[in-house]
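One structure is given below, encoded as structure tokens.
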Amino acid sequence: MLTIDRYITGHANRTILVVVMTLLALISLFAMFEELDESQATYGFTEAFTYVLRTLPRRLDEILVYGLFIGYLISLGRLAESNELTVCRVAGMSPLRLMGALAPSMIVWLVLSMLVSEFVAPTSERRAEVEKLQAQYGDDALARRSLWLRDGQLFMRVRAIDGEGQIHNVLQYWLDDNDELVEMVTASTGVYDAVRGEWQFADVTRTRLAEEAAERSDLDTWVWENPITPELLASQAFLAPNKMSMLALSRQIEFARAQELGVSEYELAFWSRALKPLTYAGLTLFALGVVMGPLRQVGMGLRLTVGVFAGLGFKYLQDLFAPAAIVFNIPALIAILIPIALYWGVAAYLIRRNA
């Protein structure tokens, strides 16, 4: 049985590698065409190629699970066509035992995906975004990533964040308990004091609003007591939630909960990452169930077609339930679990039916 396990693992790994490399090459080619369509004269082929190259880790992580699924369909299909899968069943290998034979290859690709998504892709993605902005807009690049924040009754806009974590052109709106504007604060720069957990603003103008008049005061410095770090601000400015590491996502979730924003995109991205082992196992089980059942004796073309549509179906289900969770305030964990549970259920049904 160990010999059979090694044979199935090697066969599956080689097929998955070819599928993943093919998908990655195609997606990178389309991304290159998209980048070359940028209108800025300073953003040419070299800059576009560098951007696509730096974003390869993120693209690899995104396609790995689908490459795994299609690779299993192809490798298991070949075993079925040559009756090797039938021999394994006759030799006493149950569907659960076949799943165990696929587990080593699945774990290899799962570990690779986790390493890339946690340690390689976020850093590379952020650097790619910054370099792209600098190539397109030069000295004004950082101003292109302004962002809005809410902290209780405070609404704040940060126009730019530099490489040292200093924020520029800050505008704050302070509201009272009745959600009426009572004060505005502007500052040219802000520097974070990690020891005290506060921000030091420079060139500050404070305008307090009353019923009959507004009082303005100009200050050289002003302290804003808030523990939000430059790293947290930079992540929001340059990275979408699905491109962050789990550590960065957990920090963003804590910040979003402190602002009482309900279910956020950061929670959805976090649970999607945390439940990645269930996703990989579910699609592996689904591939096994499909090959043992309706696709046992079909050609490679049909098998590839089913693999593409099944992978797209899983992605579309995720894209459907993610915004629904935000709109209807469904727990993020439930929204991410529904597509996974659906594929697990269909896979279990197919395997029981054909066992």
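Read-outs: derived from the displayed coordinates by stated rules, not from any lab. Everything numeric here is computed off the predicted structure, so don't read it as measured data. Cβ: placed from backbone, ideal geometry, glycine included. Neighbour counts: every protein chain shown.
Taking all Cα pairs closer than 8 Å and separated by 6 or more residues, the relative contact order of the chain comes to 16 percent. Here is the list for the stretch 155-237: trypsin sites (Lys or Arg not before Pro) lying in DSSP coil, each with at most 11 other C-beta atoms within 10 angstrom of its C-beta, are 196.
Using θ = phi - 60° in the Karplus curve 6.51 cos²θ - 1.76 cosθ + 1.60, the 3J(HN,Hα) couplings for the stretch 310-317 round to 5, x, 5, x, 5, 5, 5, 5 Hz; x is entered for Gly and Pro. Size descriptors for the stretch 191-321 (Cα atoms only): Rg and Dmax, in that order, 25.0, 83 Å.
Under 5 Å from the amide H of residue 229 lies no amide H of any residue 5 or more positions distant or on a separate chain, with H modelled from the backbone and absent for Pro and chain starts. Per-residue 3J(HN,Hα) values for the stretch 235-242, derived from phi via the Karplus relation 6.51 cos²θ - 1.76 cosθ + 1.60 with θ = phi - 60°, read 4, 5, 6, 10, 10, 6, x, 6 Hz in sequence order (x marks Gly and Pro). Expressed in Å, the radius of gyration and Dmax of the Cα atoms of the chain are 25.7, 90. Cβ-to-Cβ counts within 10 Å put 351, 338 in ascending order as 338, 351, the fewest first. Converting the Cα gyration tensor eigenvalues of the stretch 197-264 into ellipsoid dimensions via √(5λ) gives semi-axes, longest first, of 32, 16, 10 Å.
How would 47, 180 line up from fewest to most surrounding beta-carbon atoms within 10 angstrom?
Details: 47 19, 180 9.
Starting with the residue having the fewest Cβ neighbours, the order is 180, 47.
Rounded to the nearest 10 degrees, the inclination of helix 265-274 to the longest alpha-carbon principal axis of the chain is 30 degrees. Taking Cα atoms, how many degrees apart are the long axis of helix 121-137 and the longest axis of the chain, rounded to 10 and kept between 0 and 90? Roughly 50 degrees between the two axes. Across all directions, the average projected area of the convex hull around the alpha carbons of the stretch 296-355 is 4.7 nm².
Angle check, please: helix 276-292 long axis (alpha carbons) against the longest principal axis of the chain (alpha carbons), in degrees 0 to 90, nearest 10. The angle comes out at about 30 degrees.
Report the calculated FRET efficiency for residue 38 and residue 210 (r = Cβ-Cβ distance, R0 = 41 Å), to the nearest 0.05. Write down the numbers at each step before the final one.
Values: r = 49 Å, r/R0 = 1.19.
Calculated transfer efficiency: 0.25.
Taking other Cβ atoms within 10 Å as a rough exposure proxy, 56, 36 sort from fewest to most as 36, 56. Within the stretch 67-152, the proportion of C-alpha pairs whose separation exceeds 19 Å stands at 64%.
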